[in-house]
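Report on the structure given below.
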């Protein structure tokens, strides 16, 4: 991604967070992604030990499956994966792009190329926008929070926050680690 290709915030994520706040009241600290999935959207979230992908959305039954091993390794990754699957729900299912009840798998090959790559990038951008709301991130940066402190405050991985700071042009320092939704130490 070049500097000209920095991703802007997805307004649908801000709208979803506003809907949650209107229905359940304001939240403090980290965005309540689990409650958004279950209480607001009516999705059922299950952690599965033998899941061969980071996450899986089954729109027809409203299930989100998360890789339990990855979830144990990193709470930030679990939260990003769940927000990513919510992104698929909001961006593809609610908007009629993909035909429920077909499962939406998130595989490394889908991120690299092919017809699903843009859907995966869209879900990643939605997840970043939901978990790290632009106004809150800009306020944190203005208060002097570096990426590590902000990542801890928002309960996301440090690499996810580094990409968010970069994409919002808070910093010009492009993250050194590869942008990938499928490497445990990175965005998801």
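Quick one: compute the contact order of segment 126-179, relative version, from alpha carbon pairs under 8 angstrom and 6+ residues apart, as a percent.
30
Among 171, 81, which comes first, then next, by fewest other beta-carbon atoms within 10 Å?
Taking fewest neighbouring Cβ atoms as first place, the list is 171, 81.
How would you rank 143, 10, 73, going from fewest to most other Cβ atoms within 10 Å of each one's own Cβ?
Ascending number of Cβ neighbours within 10 Å: 143, 73, 10.
How do 27, 121, 84 rank when sorted from fewest to most other Cβ atoms within 10 Å of their own Cβ?
27, 121, 84
Pulled fully out, how much extra length does the chain show between residue 61 and residue 173, if you take 0.36 nm times their separation in residues and subtract their Cα-Cα distance?
Numbers: separation 112, 0.36 × 112 = 40.32 nm, distance 4.20 nm.
36.1 nm is the gain from fully extending residue 61 to residue 173.
Would segment 1-91 count as rounded, prolate or oblate if I go by the C-alpha gyration tensor, calling it rounded below 1.5 in a/c and otherwise prolate when a/b exceeds b/c, oblate otherwise? Each step should come with its number before you reach the end.
Numbers: a/c = 1.59, a/b = 1.14, b/c = 1.39.
Cα axes put segment 1-91 in the oblate bin.
Each reported figure results from applying straightforward, stated rules to the coordinates on display, with no laboratory input. Just so we're clear, the structure is a prediction, and the values are computed from it rather than from any experiment. Please note: Cβ atoms are built from the backbone with ideal geometry, for glycine as well, and neighbour counts cover all protein chains shown.
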